[in-house]
1. What percent does the relative contact order of the stretch 92-184 come to when contacts are Cα pairs within less than 8 Å and at least six residues apart?
2. Hey, what do the phi angles of the stretch 93-103 turn into as Karplus ³J(HN,Hα) couplings, whole Hz, using 6.51/-1.76/1.60 and θ = phi - 60°, x for Gly and Pro?
3. I'd like the accessible area for residue 96, computed on protein heavy atoms only with a 1.4 Å probe and all protein chains in place. Round to 10 Å², please.
4. Report residue 160's accessible area, 1.4 Å probe, all protein chains in place, as a number in Å² to the nearest 10.
5. Taking a ≥ b ≥ c as the square roots of the eigenvalues of the Cα gyration tensor of the stretch 42-183, is the shape rounded (a/c under 1.5), prolate (a/b larger than b/c) or oblate?
6. Leaving out ligands, DNA and RNA but keeping every protein chain, what accessible area does residue 125 have, in Å² rounded to the nearest 10, with a 1.4 Å probe?
7. Given H placed 1.01 Å from N in the peptide plane, which residues other than close sequence neighbours of residue 104 have an amide H under 5 Å from its amide H?
8. Please work out the FRET efficiency for the pair residue 85 and residue 113, using the Cβ-Cβ distance as r and a Förster radius of 35 Å; give the result to the nearest 0.05.
Amino acid sequence: MDKTMGSQGMAPLDDVSGTPRDGWSFEELLTGLALHFFSQLNLTADADRQLADLDLDLGRTHHRVLYICSQKPGVTSGEITRILRITNQALNRPMRELIDGGLVEQKVSSADRRQRLHYATDAGKELFERLAKLQTERLNRAFEAAGPAAVEGFYEVLSHVATSEDLEFINENFGGYPRSGTSS
């Protein structure tokens, strides 16, 4: 291993003191991109396998919509399309199937009767939690192995990749993210 790399070969150092250096090579950034890519594939595969095993004829978009409806009760279709970065057409079929399957309910907004508000039903919340269980167990194992400082760094890096709208959603629905390895 190159002596300018951290103990895991990931954090480039400007000297043996452990001080991060400025600038990242294209190869180092590609490594970070690859780690993110495969991590996302593994997290997504956990839920995909469960959905396939349950034989509910639901896919990844259904899972993502259910995630948003579970985490932000009363979310509008417009908010869902903005958060998931999909079109109304891409949302219509999965939403209809989730509603028909009793996993999401749709209510008319009392403030604006043109708006439809979406809520995960008890069955929808139960399915979401079941799907999230393997994913959160995978993250927990990784967090435990990496330790609090690494987790804080992980959150910090991802918060700089996310958009301000993404961070607003996280702050509104999750109270931000834990600092210093503590949960809040």
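1. In percent, rounded to a whole number, it is 17.
2. 3J(HN,Hα) across the stretch 93-103, in whole Hz: 5, x, 5, 4, 5, 5, 5, 4, x, x, 9.
3. Estimated to the nearest 10 Å², residue 96 gives 120 Å².
4. Rounded to the nearest 10, that gives 140 Å².
5. In terms of gyration-tensor shape, oblate.
6. Accessible area, nearest 10 Å²: 90 Å².
7. Answer set, sorted by chain and number: 99, 121.
8. 0.80
The values are calculated or read from the model by the stated rules, or taken from the named source; none is laboratory data. Note that this is a predicted model, so its numbers are computed, not measured. No Cβ is skipped: glycine too gets one built from the backbone with ideal geometry, and neighbour counts run over all protein chains shown. These accessible areas exclude ligands, DNA and RNA; they are computed on the full protein's heavy atoms, side chains included. Shrake-Rupley method; radii C 1.70, N 1.55, O 1.52, S 1.80 Å.
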